[in-house]
1. In what sequence, highest mean first, do 231-238, 197-204 appear when ranked by Cβ atoms within 10 angstrom?
2. So, counting K/R as plus one and D/E as minus one, what does the shell of residues with Cβ under 9 Å around residue 243 add up to?
3. Karplus couplings for region 173-190 from phi (6.51 cos²θ - 1.76 cosθ + 1.60, θ = phi - 60°), rounded to Hz, Gly and Pro as x?
4. Enumerate the amide H contacts of residue 239 below 5 Å, restricted to partners 5 or more residues apart or on another chain; note that Pro and chain-start residues carry no placed amide H.
5. Could you state the principal axis extents of the C-alpha atoms in region 132-286, from the largest down, to the nearest angstrom?
6. Once you have all Cα-Cα distances for region 90-203, histogram them in 5 Å bins from zero and send the whole-percent values.
7. Kirkwood Rh over Cα pairs of region 201-302 into Stokes-Einstein at 4 °C, 1.567 mPa s: D in µm²/s?
8. Whenever you get a sec, compute what percent of the accessible area on region 35-154 sits on carbon and sulfur atoms (1.4 Å probe).
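The values are calculated or read from the model by the stated rules, or taken from the named source; none is laboratory data. Everything numeric here is computed off the predicted structure, so don't read it as measured data. When we count neighbours, we look across all protein chains shown, and the Cβ atoms used for this are built from the backbone with ideal geometry, even at glycine. In case anyone asks, the SASA skips ligands and DNA or RNA and just uses the protein heavy atoms, side chains included. Shrake-Rupley method; radii C 1.70, N 1.55, O 1.52, S 1.80 Å.
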Amino acid sequence: PIAVETSKSLRIPTTIASKTNPSSAAHKPITGSSGNSKQRNEIFVDIIERLNVLFGTNGQILSSSINGCIQMKSYLSGNPELRLALNEDLIIGKGGRSSYGAVILDDCNFHECVRLDEFESSRQLLLIPPDGEFVCLNYRITSEFRAPFRMFPTVVETDALHLELMLLVRADMPETQYGNNVTISIPVPKSSGSVSAEIDSRTLPGQVAEYNSTNKRVDWNLKRFQGGVEQSVRVRITLTTPCTASSRKELGPISVQFEVPMYSVSGLQVRYLKIADKGKSYNPYRWVRYVTKSNSYVSRVG
């Protein structure tokens, strides 16, 4: 059995064996069973993608990249050889011929345990997993992708001592997806005397915006940010000295931290994971999880 959660963003096969455990189990961390002498045969696979995105003041993406990896941890008896199949339309290198919707990796590297005998022909990896947790594959992507959160800041200087920032954030991903523990940080000028942050908590419960006077920063925290939803915050700043070009530059840049469970921005996926040796009689439990995280996710303010 292979436990996954389907979503519109992934073309995950839906023909899953009836022995499959509940899909919520895919959120289990990669840790092993302990204190159980009859440890069951299971293997954990995480596809983790960390995003680097820089937005301009108009909300356009100036630069973007993905640092991804396939992380595994095996608890299989007998050290069987595994067959891990990835997207059939996976392309390595930008120079290759691609079809619409193909996943293009700029470059990648494999763990030393991986055999690539069938990778070119069928995008299958053969491997005998080592003990403990290991990274099966590292990869990098610089081609365009759909950023899960878009930011649109607007700054108004109402008078010499007052600035107002309006920030609109849109969760630009399918409605079935959501961001967990989203934190948006907005640095304000050092000469700020008083700062207030206004949000409409009625539109999205579980959010709070607070000003940290020590760090001169507004932190806007949203526990769950659903896909297809827009949220905004209005930051009013009163300065102790008249606004200058240098103090304007101290407003921002805005940074975002988040995690989107069961979501792959690149579209990289595991088609199947099975034991290569047909002589092995047992059918292990296989947990596959997709996680998208922010690495450097920044918007200029202007």
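1. Details: 231-238: 18.8, 197-204: 12.9.
Ranked by mean Cβ neighbours within 10 Å, highest first: 231-238, 197-204.
2. Working: positive: 248; negative: 157, 159.
It works out to a net charge of -1.
3. 8, x, 4, 6, 9, 7, x, 9, 6, 7, 10, 10, 10, 10, x, 10, x, 4
4. The answer is 162, 163, 193.
5. The principal-axis extents, from largest down, are 78, 33, 29 Å.
6. 2, 7, 12, 13, 11, 11, 10, 9, 8, 7, 6, 3, 2, 0
7. Details: Rh = 18.4 Å.
Result for D is 70 µm²/s.
8. Working: 2490 of 5750 Å².
Carbon and sulfur together cover 43 percent of it.
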